[in-house]
Amino acid sequence: MLVQLLAAAAIADAAPSEIVITASRAPQESEATAASVSILDETEIQRLGEPLASSMIRLTPSAAVETGGPAGALSQVRIRGAEANHTLLFIDGIRANDPAAGDIPRFELLNADIVSRIEVVRGPQSALWGSDAIGGVIAINGVPAAASKYGASAEAGSYGFGRAGVTAALSSASTNVAAAIGLQGASGIDSFDGRGDRDGYRNLSARLRGSWAVAPAFEIGVSAFSLNGRSEYDGVDLMTFRRADTLDSTSNRLSAGRLWISGGEQDAGPSGTFGASLVDSSNRNFLDGDELNRTGGSRWTANGQLQYRFATGEVRHTAIVALEHNRERFESRDVLFGGATNQRQSRSHHAVTAEWRAEFEPIVADIALRHDSFSSFKDATTLRASALVNLAGGFSIAGSYSEGIAQPSFFDLYGFFPGNFVGNPALEPESSRGFEASIRYRRGAFDAALTGYRQRLRNEIVDTFDPVTFTSSTINRDTLSRRSGVEIEVAWRPSEALRFSANYSLLRATEPGGALAGQLRELRRPRHSGSIAVDGIRRRLTYGASVAYVGRRFDTDFDMFPSERVALRPYWLAGARLGYSLRPGLEIFARGANLFDERYQDVLGYRTEGRAVYAGIRIGGK
């Protein structure tokens, strides 16, 4: 999977606003892709100064970020109304969804101090990348290694927050090595009612990437990361099963490594990349310091890709064939039920992907087809076809048809809790298909785009409840969930003194509500959302600011019987950072978060922090 990503990372670091990595199996310029893509580069990430990557993903169109309490709590991203496990995350070319936590990306562990580039591709992309790419794909790149440099920063402020990070890069004619480490934590707030104990967190993340050009057109590379966190939260009373001010905590680790080799010229003729990666995760849950249960998982992947670029007359072609094999392992252990939920499961799957791209002015056309063969459930074949046409005067139009799948998680298939939940090993993968079309304008420093999309989700995996046995399970829904929307994007970057971007998203996401209820709005998806971000540098000052709007949405109140749908009010989330350079390579800065002091909740009943201020120092770096 993603066999070209590491080779493309160096290109992307050199010109992060121009190269798109995950909209094709081969890197391409953003002007030449029909996909809807948003990119946050190293400069914007540094100037905004957010501690967690999820806060910046919130600034991209149709990305609903949900945090279950204060910073460090479980964070989920829903793109274009899809589920949390329908976002596929890559970190330096490694598939990073957690096999031991329902295949969700662990955004609450993703420390921004080890991130230098964020790319979000919206819409189903399973024809390129396989399972979980229904809502879209997010690719995270680490510190760049285009030149030798170093950097360090430290920051402290409200709610007992502290943060420190170090980056280093060494570069020569044949070798590039880059590393980063980030540590942060806070004492937090009481997420239940504001009168109990504080729910804090700590996070330690690190990553390494290196490559060695053994010979002309032949390279060996390695990448690795480790995300580690511990967070406190208020759970439920085990007697009443209602939310309460408890002493729950969770400890999580997600580590991975990848080795790859590539050969051939990327821009012409044949080339290939072959690699192997291993992802390992561990999740442990505690109550007042005593362990309740734990889950663990691993994913071993081997893949290879062959690519051939050639021309026939005025047409430039790229033909790609990729093979992949992976094996996943899952295990769970508990203390609370005396080991009754203990299990150990494994599964494997292999896939073949073919992609063809043709460029002939003024048209770029692309088609991809992938077949996934699973050991534990039904196979799946997915298709994506797209085209972009450049018109006169800076205008272009683009359209695509795309399909996505999401395999059942280990918990969906085999999960078991006595008297509460029993998994369903007969589940099939979820599938989605849809269309999108856009009109774009690009002239000089100004960009704008208007995009409309429509998607249908089939075989959605949902929970069921048996009122006789009082146990729940999972099934594939036999009716459709519907998602459609409009995205408006504007960017203006006339100089380094001002870089401005804004977006607005309208989303209609519904699911079947039963024979009498018709279609109901999906939970935790705002119908209206958007953001504005600015950053720049002038003499000794650097500055960055953002405002995100999250509209009205619904959640379920399980403390009521029967449970009821409850509306969550809209909110504006504003942040800003101002830095002053005392001398080259030495900067002091101040940062503010939730500047409007909004009292908001992403998840019903879980409070978040109010207005906060921080101060820090930064040395070295850009």
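The values are calculated or read from the model by the stated rules, or taken from the named source; none is laboratory data. Predicted model, so just to flag it, every value in this text is computed and none were measured. FYI the Cβ positions are ideal-geometry reconstructions off the backbone, even for glycines, and counts take in every protein chain you see.
Here's the yes/no breakdown for (1) out of contact with any Gly (no Cβ under 8 Å at 6 or more places or on another chain); (2) in contact (Cβ under 8 Å) with a residue 40 or more places away in the chain:
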position	(1), (2)
LEU457	yes, yes
PRO467	yes, no
PHE470	no, yes
ASN476	yes, yes
TRP492	yes, yes
GLU496	no, yes
SER505	no, yes
ALA509	no, yes
Original post:
Given (1) among the small types (Gly, Ala, Ser); (2) outside any strand (DSSP E or B); (3) modelled with pLDDT of 95 or more; (4) within 30 Å of GLU511 (Cβ to Cβ), where does GLY605 come up short, assuming only one miss?
Top reply: (3)
**OP:** Check GLY221, GLY188 and return the single one that is on the phi > 0 side of the Ramachandran plot, part of a strand (DSSP E or B) and touching a strand residue (DSSP E or B) at 6+ places or on another chain (Cβ under 6 Å).
**Re:** GLY188
**OP:** Kindly check whether there is at least one residue in the stretch 61-68 that is modelled with pLDDT of 95 or more and in a helix (DSSP H, G or I).
**Re:** no
**OP:** Could you please tell me which pairs satisfy a Cβ distance under 6 Å, a separation of 6+ or placement on different chains, a first residue in the stretch 402-422 that is more than 16 Å from ILE104 (Cα to Cα) and in contact (Cβ under 8 Å) with a residue 24 or more places away in the chain, and a second residue that is surrounded by fewer than 24 Cβ atoms within 10 Å (Cβ to Cβ) and among the β-branched types (Val, Ile, Thr)?
**Re:** PHE416/THR341; PHE416/VAL422; PHE417/THR341; VAL422/THR471
Original post:
Would you say ILE461 is touching a Pro at 6+ places or on another chain (Cβ under 7 Å), surrounded by 15 or more Cβ atoms within 10 Å (Cβ to Cβ) and either modelled with pLDDT under 95 or under 30 Å from GLY423 (Cβ atoms) (or both)?
Top reply: yes
**OP:** Just give me the residues in the stretch 429-446 being of a type outside the set (Phe, Trp, Tyr) and over 24 Å from the mean Cα position of the chain (by Cα), in sequence order.
**Re:** ILE439, ARG440, ARG442, ARG443, GLY444, ALA445
Subject >> Filter result for the condition that a residue is closer than 21 Å to ALA398 by Cα and either assigned to a loop (DSSP other than H, G, I, E, B) or not acidic (Asp, Glu) (or both), over VAL352, VAL364 >> reply: VAL364
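The rows are residues; the columns are (1) within 17 Å of ILE45 (Cβ to Cβ); (2) of a type in the set (Val, Ile, Thr); (3) surrounded by fewer than 19 Cβ atoms within 10 Å (Cβ to Cβ).
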| residue | (1), (2), (3) |
| --- | --- |
| VAL550 | no, yes, no |
| ARG553 | no, no, no |
| GLU564 | no, no, yes |
| ALA567 | no, no, yes |
| TYR580 | no, no, yes |
| ARG583 | no, no, yes |
| ILE588 | no, yes, yes |
| GLU598 | no, no, yes |
| ASP602 | no, no, no |
Subject >> Which listed residue is out of contact with any Leu (no Cβ under 8 Å at 6 or more places or on another chain), assigned to a strand (DSSP E or B), in contact (Cβ under 8 Å) with a residue 12 or more places away in the chain and buried (at least 22 other Cβ atoms within 10 Å of the Cβ), from ARG230, ARG207 >> reply: ARG207
**OP:** With the checklist (1) at pLDDT 95 or above; (2) surrounded by fewer than 18 Cβ atoms within 10 Å (Cβ to Cβ); (3) among the basic types (Lys, Arg) in hand, flag the one item ARG299 doesn't pass.
**Re:** (2)
Subject >> Subset of the stretch 250-277 that is surrounded by fewer than 20 Cβ atoms within 10 Å (Cβ to Cβ) and of a type in the set (S, T, N, Q) - its residue that is modelled with the lowest pLDDT >> reply: GLN266
**OP:** Report those strands (runs of 3 or more DSSP E) wholly inside the stretch 473-556 carrying at least 3 residues which are within 27 Å of VAL613 (Cβ to Cβ) and at pLDDT 95 or above.
**Re:** 498-512, 528-538, 541-550
Original post:
If you go through the stretch 153-163, how many residues are buried (at least 16 other Cβ atoms within 10 Å of the Cβ) and either modelled with pLDDT under 90 or within 11 Å of ARG618 (Cα to Cα) (or both)?
Top reply: 2
Original post:
Taking the stated definitions as given, is VAL321 loosely packed, with under 15 Cβ neighbours inside 10 Å, outside any loop (DSSP other than H, G, I, E, B) and not aromatic (Phe, Trp, Tyr)?
Top reply: no
